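See below for the structure under consideration.
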Amino acid sequence: VPEPGRAVAPPLGQVSELAEQLEEQLFQSYGFHNRLVQERLQALAEVMQRVDEVQAELRRICCTVEAVYEDLCL
């Protein structure tokens, strides 16, 4: 008989079952967040690729503008 004010510990089987449920929920949550992170990393890689392309295009434009300017000044 438990002392007044003290909680009774659940049976070991219940604790084990609850631990398994918690573990499964953690794995599901991890999987969900892992997929989100992978999607965002893929999107970031695509954006970075586009940034590289735009930078290369801007370099070509600058070289063209520089060449035109030199032709006009000479």
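Mean residue ellipticity at 222 nm, helices only, the chain: -31500 deg cm²/dmol; runs of at least 4 DSSP H residues each add -39,500 (n - 2.57), and the sum is divided by the number of residues. Between the listed residues L58, V37, S16, the Cα displaced farthest toward the positive end of the dipole of the chain, a dipole computed from Cβ unit charges relative to the Cα centre, is found at S16.
Annotation: extensible slack from E66 through Q38 equals 5.9 nm (criterion: 0.36 nm per residue apart, minus Cα-Cα distance). What the phi angles of segment 58-64 give under the Karplus curve with 6.51, -1.76 and 1.60, with θ = phi - 60°, is a coupling list of 5, 4, 4, 4, 4, 5, 5 Hz, glycine and proline written as x.
Put a dot 7 Å past the Cα of R59, heading toward its Cβ, do the same for S16, and the two dots end up 6.4 nm apart. Backbone geometry of segment 46-56 corresponds, through the Karplus equation with coefficients 6.51, -1.76 and 1.60 at θ = phi - 60°, to 3J(HN,Hα) couplings of 5, 5, 5, 4, 5, 4, 4, 5, 5, 4, 4 Hz, x marking Gly and Pro. The alpha carbon convex hull volume per residue for the chain rounds to 109 Å³.
For segment 32-74, give the percent of accessible area contributed by carbon and sulfur heavy atoms, probe 1.4 Å, rounded to a whole number.
The value for segment 32-74 is 62 percent carbon and sulfur by accessible area.
The values are calculated or read from the model by the stated rules, or taken from the named source; none is laboratory data. It should be emphasised that the depicted structure is a prediction, and the values quoted were computed from it without experimental measurement. Glycine gets a Cβ as well: all are built from the backbone with ideal geometry, and neighbour counts include every protein chain shown. All accessible areas refer to the heavy atoms of the entire protein, side chains included, with ligands and DNA or RNA removed. Shrake-Rupley method; radii C 1.70, N 1.55, O 1.52, S 1.80 Å.
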